Structures are given as structure tokens and as C-alpha cells.
Amino acid sequence: MKKLREEFADTMLEVGPGDPRLVVMVGDISHGILQPFAKACPGRYYNIGICEPTIVNMAAGLSKVGLIPVLHTIAPFITERAYEQIKLDFGYQNLGVNLISVGGAFDYAQLGCSHHCYTDVSLISHLKRGVVVLPGSPIEMNKLFKEIYANGKINYYRLPEHAHGVEFTYGDIHFGQGIRIREGRDVTIAVIGTQLRTAIAVADRLTGEGISIELLYFHTLKPFDTELVRASAEKTRRLITVEELSAHDGLFNLCLRACLGIDGMAAEQIAIEDFIHGYGSYEELCSKIGMTVDGVARIARRLVRKTL
């Protein structure tokens, strides 16, 4: 499966020639894959360098005169470092922008905590006009970008390094709507991004043990599909969220709010509690926080035992 960063570049090349308002600005990354766009759309591709607050300020000016800026760099630098500029230049001024990040959570595992980012989704969600999309496959990136890029809002797309590997069709993907991957009766597992492949493996394993898993996948967190998760939780009365986000905000919080008032519901969260110190591969850091097939399956079994 194609890398999502490559799909981003291909989508810019697909959309850009037909929309002269589209301008792409990068923070010293992805030059090679964006050269076809730069050649096809001269004067609409700029490398601003490692100056993320400046990129946001410049993009606000473009937006003010009717252009559609697309900003692309590493997650902690475009969301955490430049948040004040996003808040004031786009939130307060009611302007539109598309923020395309890579390196969310701990995708840059080999570079340590300075390149980790767990709070990005929460930060953008705090803005009333913020929109949060977490495509886990190339087709999701392509479809969702084209659906919303010109909506005049603060659109945040978090692109993972590792696609989840599930082959969706265009018809499966609708902005703001979750996807029921598998129907079940005992436990609902709600998941985002790359961890969909973990959740599928968990469901396969537990099915063999007689535990039926209902699996929900969310590529959009704001707006959130509350109806899908509530309907599932009303049936199973057991919920687990698996998310490469801060444990203090994100998918778990959204699911709990959607499920308020459901009697006898039990819920567990697998997320990022604190800085993940040390270095290693993506898989090794997942293992450190229990974001593995063994870890999720263990929690699901415990949830079933507790509520029998």
C-alpha cells in the first residue's frame, strides 16, 4: 500500500491544476515528492523552512485574499509550536487552512520525544471551527481532502507513517462518519489510524475464544459520529478505545460523551499516558504502552470477566 505522505503529494497534483486557489507550503520536508505539483502549478509551492509560526502567519495572508493554503510539516512543530498563530490567525480571524502533518504520536520513534506529538488532535479540537481527520489509508486521505479542503475551516489531517492495510472503497468513506468493520455482541472496540490492524487481529483472536467483538473505525474525530458508537455500546455494554493520542483527550473522551446515560456500561482506554522515553522502532514503542494484540486482548478479556 502506498505511503500516506506520497498520497498527499499525489492528491495535491490531482487537485492543484484544477483549482488555482490551492497553494502548498512546507516546513523543509517532502520536497522530492512534491516536485510534480511544483512543476504543474508554478508559483504555488513554497518551502518556508523550519519556521512553523511564520508559515502559519504567511498562510493567513494567503487565506485573507481568497487563496486556499495547505501547510505541511511534522506534527509537533505545526500544532504545538505554532498553536498561538493557528488560534489567532485562523481561529480568531475566521479564516480557512489545511494543516497536513506527519510524525503524529511516535511515528518518528527513532528521534525521541522531541519529535513525538500526542496533543495535536486535542489542540485543534479546542477551536470551534477546527476539523480533525485521521486518514489511515491513501484512499481516505484522497477522498476526505477533496471533500473538505475548500470549506473555509481549520482542517487538520494527521497522516500516519504506517497505513492500517485495510482496503476501503470510495463508497466506504464519508466525512464525519465512522465505519463498522465487524459486527459483534460482547465488546465494542473503537479505534483510529494504524491501530485498526491491531484491533482486527484482536477480534480474530478473541472470536476463537468465544468473545464476539464489534469493531468501529473512525477516520474523522471532529465532527464525531456519536450515533455509531452509541448504538454499538447500547448493544455490547462494553467499550475499549485504542488510540495513538493523549489519554487526557481524544477518542475515549468522545466515546464516553456519546454514551452518557447507558446503564451498566464498562469502558477501558489504551492511549498515551505520558512521554514515551527512549528510542526504538514504532513497534517497540507500541509495545511499551500496551498497544499490541496481546495488550488489547488482555483488556477485552478482563472487561468481559468483570461484567459477567
Kindly indicate which of S122, S101 is among the polar types (S, T, N, Q), open to solvent by less than 30 Å² (accessible area, probe 1.4 Å) and assigned to a strand (DSSP E or B).
S101
Might you check whether a residue that is on the phi > 0 side of the Ramachandran plot, assigned by TED's automatic domain parsing to the domain that holds R238 and open to solvent by less than 20 Å² (accessible area, probe 1.4 Å) occurs anywhere in segment 187-202?
yes
Of the residues in segment 258-273, those that are within 19 Å of the chain's Cα centre (by Cα), more than 12 Å from I240 (Cβ to Cβ) and open to solvent by 40 Å² or more (accessible area, probe 1.4 Å) come to E273
Based on this model, can you work out whether H277 counts as in contact with a helix residue (DSSP H, G or I) (Cβ under 7 Å, 6 or more places away or on another chain) and either of a type in the set (A, V, I, L, M) or closer than 20 Å to G178 by Cβ (or both)?
no
Before we move on, is E14 within 23 Å of K153 (Cα to Cα) and open to solvent by 40 Å² or more (accessible area, probe 1.4 Å)?
yes
Of the conditions (1) open to solvent by less than 10 Å² (accessible area, probe 1.4 Å); (2) at negative phi, I29 fails just one. Which one is it?
(1)
May I ask you to list the residues in segment 69-88 that are outside any helix (DSSP H, G or I) and within 18 Å of the chain's Cα centre (by Cα)?
V70, L71, H72, T73, I74
Within segment 286-295, can one find any residue that is more than 28 Å from H115 (Cβ to Cβ) and part of a loop (DSSP other than H, G, I, E, B)?
no
Which condition number does I50 fail, the rest of (1) farther than 19 Å from G16 by Cα; (2) in a helix (DSSP H, G or I); (3) open to solvent by 60 Å² or more (accessible area, probe 1.4 Å) being met?
(2)
Helices (runs of 4 or more DSSP H) wholly inside segment 167-275 that include at least 2 residues being closer than 29 Å to I148 by Cα and in contact with a His (Cβ under 7 Å, 6 or more places away or on another chain):
196-207
Take the residues of segment 277-296 that are of a type in the set (A, V, I, L, M) and surrounded by 20 or more Cβ atoms within 10 Å (Cβ to Cβ): which is modelled with the highest pLDDT?
V296
Please state which one of S114, S101 is modelled with pLDDT under 95, within 24 Å of the chain's Cα centre (by Cα) and under 23 Å from R5 (Cβ atoms).
S114
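The values are calculated or read from the model by the stated rules, or taken from the named source; none is laboratory data. Keep in mind that this is a model prediction, so the values were computed, not measured. Note that we place each Cβ from the backbone using ideal geometry, even for glycine, and neighbour counts take in every protein chain shown. Ligands, DNA and RNA are stripped out before the accessible areas are found, and what is left, the full protein with its side chains, is counted by its heavy atoms. Shrake-Rupley method; radii C 1.70, N 1.55, O 1.52, S 1.80 Å.
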